Amino acid sequence: MSFSSILGQDNTVKRLRALIGSGRVPPAIIFHGAPGIGKFLTAVEFAKALNCSHTEHRERPPAPPAPDENDLFAAAAAPAPAPEPELPPARVHTDLSDSCGACLSCLQAASGAHPDIRIVDTAFQAALLDEAESSNLKIDTMRELTRWAQQKPMLAKWKVFIVRDAEAMMPPAQNALLKTLEEPPPGTVVILTVSKKTSLLSTIISRSCMVEFGRLPAAALKTILEAQGTEPVQAAALAALGAGSLEKAADAAAFLKQVSALRPGDQSKIFKFAAGLPRDSHKAREEVKTLLDLLLAKTRSSWAAASGPAKVKFTVLLRRTLDLRRMADRNVSYYLLLETALLESERGGIKIEDLVRPVA
Ligand SMILES: [Zn+2]
């Protein structure tokens, strides 16, 4: 794997490669953009490319065991050891702005065991502090990061810390990290990946190089979904609904699965469906937005295919669904909003089970 494995972020990858090529790597970088668009994977590739030695790693095959010196017969019968065969020269990777995938550093990074590339997230924190996984990154974890940053790299040129979903740091934890960003030890890079940069303190932002990630083009999203094993027709439908985010496409896929489990004749199916919303209001809002996007896509395709009075009917429904979609960004009851949208769509001719059929 190298930067070529990052799809749909060509300009950003170009910019990062230029940073590596120039040798002027900022000590603090913030990768920001919607969830599910490749920020974390790119951060890992960036760390690999920084630390790549560009020379293939080879190991000689283990030598055969030496004969036992106490066993005179075996020692006498043993042939003289053959000279070690010459290994062909190691392949050298000439592109210094990308990783080679074949040197010791790249092999260690690929197996998640690189001593100088540390991923800091809530799962890592749980192991570090020996406690259950929490949703926040704590001061103690950031202090530990600061301590590691003071140490010299063990193997590679750069010590890279990737703080994944950095919005999990509450302000006190961000303040604990600030010292490292203010006086970065030489050879240290801290990458924060974040969906909403407004969740970071202005003091963190002002000390960091901002790298924006755009939404994924539908073609890239489709390719990624197919590579993950989704059927091509389903991948195309999810890519259209995914709004440029792999995470959103996965939400849409989960919804479609839920919808396909509903019994079409069940009078209470809409209420049952809406009752299944998560209790967490942030998650509920995101799910309602995804479902409204699915309804909008379906209504739009029905509107495009319709004519005469049916077209007028779908125009009214489309406007109404758009209004409801806008309301999802306000402080409303998401349960009621979803129920209203589903009931009005059903009355307008778009049934919830129609959502399972891919949008043409
Ligand atoms: Zn390498």
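The table below lists the values:
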{"item": "Pairs with Cβ under 6 Å, 6+ apart, first in region 85-104 and at pLDDT 85 or above, second more than 10 Å from the ligand (Cβ to nearest atom) and outside any loop (DSSP other than H, G, I, E, B)", "result": "Ser97/Arg17; Ser97/Ile20; Ser97/Gly21; Asp98/Phe3"}
{"item": "Test for Leu291: is it touching a helix residue (DSSP H, G or I) at 6+ places or on another chain (Cβ under 9 Å), assigned to a loop (DSSP other than H, G, I, E, B) and in contact (Cβ under 8 Å) with a residue 24 or more places away in the chain", "result": "no"}
{"item": "Residue that is surrounded by the most Cβ atoms within 10 Å (Cβ to Cβ), among those in region 130-171 that are among the polar types (S, T, N, Q) and out of contact with any Leu (no Cβ under 8 Å at 6 or more places or on another chain)", "result": "Asn136"}
{"item": "Evaluation of Lys248 against (1) crowded, with 22+ Cβ neighbours inside 10 Å; (2) outside any helix (DSSP H, G or I) (one fails), failing number", "result": "(2)"}
{"item": "Checking Ala168 against (1) more than 21 Å from Gly23 (Cβ to Cβ); (2) under 25 Å from the mean Cα position of the chain (by Cα); (3) at pLDDT below 95, the condition it does not meet", "result": "(3)"}
{"item": "Members of region 6-59 found to be over 30 Å from Leu87 (Cα atoms), open to solvent by 40 Å² or more (accessible area, probe 1.4 Å) and among the polar types (S, T, N, Q), listed by number", "result": "Asn11, Ser22"}
{"item": "Which listed residue, of Asp98, Asp116, Asp140, is within 11 Å of the ligand (Cβ to nearest atom), on the phi < 0 side of the Ramachandran plot and charged (D, E, K, R)", "result": "Asp98"}
{"item": "Criterion: under 23 Å from Leu7 (Cα atoms) and over 15 Å from the mean Cα position of the chain (by Cα) - qualifying residue of Leu238, Leu216, Leu181", "result": "Leu238"}
{"item": "Residue check for Glu226: within 30 Å of Gly38 (Cα to Cα), within 18 Å of the chain's Cα centre (by Cα), assigned to a helix (DSSP H, G or I) and assigned by TED's automatic domain parsing to the domain that holds Ser345", "result": "yes"}
{"item": "Among the candidates Val316, Val259, residue that is in a helix (DSSP H, G or I) and within 30 Å of Phe40 (Cβ to Cβ)", "result": "Val259"}
{"item": "Residue, most open to solvent (accessible area, probe 1.4 Å), within region 260-287, restricted to residues that are of a type outside the set (Asp, Glu) and within 30 Å of Leu7 (Cα to Cα)", "result": "Lys283"}
{"item": "In region 172-197, the residues that are at pLDDT 95 or above and open to solvent by 50 Å² or more (accessible area, probe 1.4 Å)", "result": "Pro172, Asn175"}
{"item": "Which numbered condition Arg330 fails, given (1) part of a helix (DSSP H, G or I); (2) open to solvent by 40 Å² or more (accessible area, probe 1.4 Å)", "result": "(1)"}
{"item": "Members of region 299-310 that are more than 40 Å from the chain's Cα centre (by Cα) and assigned to a helix (DSSP H, G or I)", "result": "Pro309, Ala310"}
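The values are calculated or read from the model by the stated rules, or taken from the named source; none is laboratory data. All figures in this text were calculated on a predicted structure; none of them were measured in a lab. When we count neighbours, we look across all protein chains shown, and the Cβ atoms used for this are built from the backbone with ideal geometry, even at glycine. Surface accessibility is based on the protein's heavy atoms, side chains included, excluding ligands, DNA and RNA. Shrake-Rupley method; radii C 1.70, N 1.55, O 1.52, S 1.80 Å.
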